[in-house]
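K.L.:
There's a structure below that I have some questions on.
What follows is calculated from the coordinates using simple rules that are stated; it is not laboratory data. Since this is a predicted model, take the numbers as computed values, not measurements. With ideal geometry, Cβ positions are generated from the backbone for all residues, glycine too; neighbour counts draw on all protein chains shown.
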Amino acid sequence: MVPDQALGIVSIGEDGGWSVRFERHLRHDPDKVWRALTESEHLAHWMPCDIVGERRAGAPIELPFWPDHVAKYDLSGEPLHGEIRVWDPPSVFEWTWETDRLRWELTPEDGGTLLTFTTWMGPDAKGAANAAAGYHVCLANLEQLLDSGSAPRLIDADVAPLERRYEVEVAALQA
């Protein structure tokens, strides 16, 4: 089970698209957190895919899922595509993942870094709850990686309890 961290804040935009915003107070300097957000050797511990491509604003990227994700979820193995929108080390990293947009903001604070992660998605409510639960688990693994140097395999996480919690959040916004 994932540690009981604060739930992300789910919202729905005027266009019907969903977003979720997380804040995490990390006990590490922005440079260390930035490396964990952007380097393949670290991404493998907490993100379901790698980010392949030049690191600069406007650069196209490929997002190949790690082999254990391809096997577990019977994925095609073909990479998804995106583009880096903002590349401002070590403060802001924003990129697209097909139609979704992901923005990572790092703000130095006493004793570490405030990580603010926001993702904007399409109009699928079930997909929004699922994505929120998945990113919740990803962030828990990221924090564990930063704290200890390792993290459990992402594919072994039980996201069902978190999906139910986020489904309640989504349903409340649809009422």
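K.L.:
Can you go through SER40, SER11 and tell me which one is closer than 19 Å to GLU169 by Cβ and polar (S, T, N, Q)?
P.N.:
From the options SER40, SER11, the qualifying one is SER11.
K.L.:
Within the stretch 77-107, how many residues are of a type in the set (Asp, Glu) and out of contact with any Ser or Thr (no Cβ under 7 Å at 6 or more places or on another chain)?
P.N.:
4
K.L.:
Okay, next question. Suppose we keep only residues that are surrounded by fewer than 16 Cβ atoms within 10 Å (Cβ to Cβ) and under 10 Å from GLY82 (Cβ atoms) within the stretch 54-70. Which one would you say is nearest to the chain's Cα centre (by Cα)? Talk me through it step by step, then tell me what you get.
P.N.:
From the stretch 54-70, those surrounded by fewer than 16 Cβ atoms within 10 Å (Cβ to Cβ) are 54-60, 62, 67-68; that's our starting set.
Adding the requirement that they be under 10 Å from GLY82 (Cβ atoms) leaves 59-60, 62.
Details: ALA59: 19, PRO60: 19, GLU62: 16 Å.
The extreme case among them is GLU62.
K.L.:
Taking LEU37 as meeting all but one of (1) part of a strand (DSSP E or B); (2) under 27 Å from ALA129 (Cβ atoms), write down the number of the exception.
P.N.:
(1)
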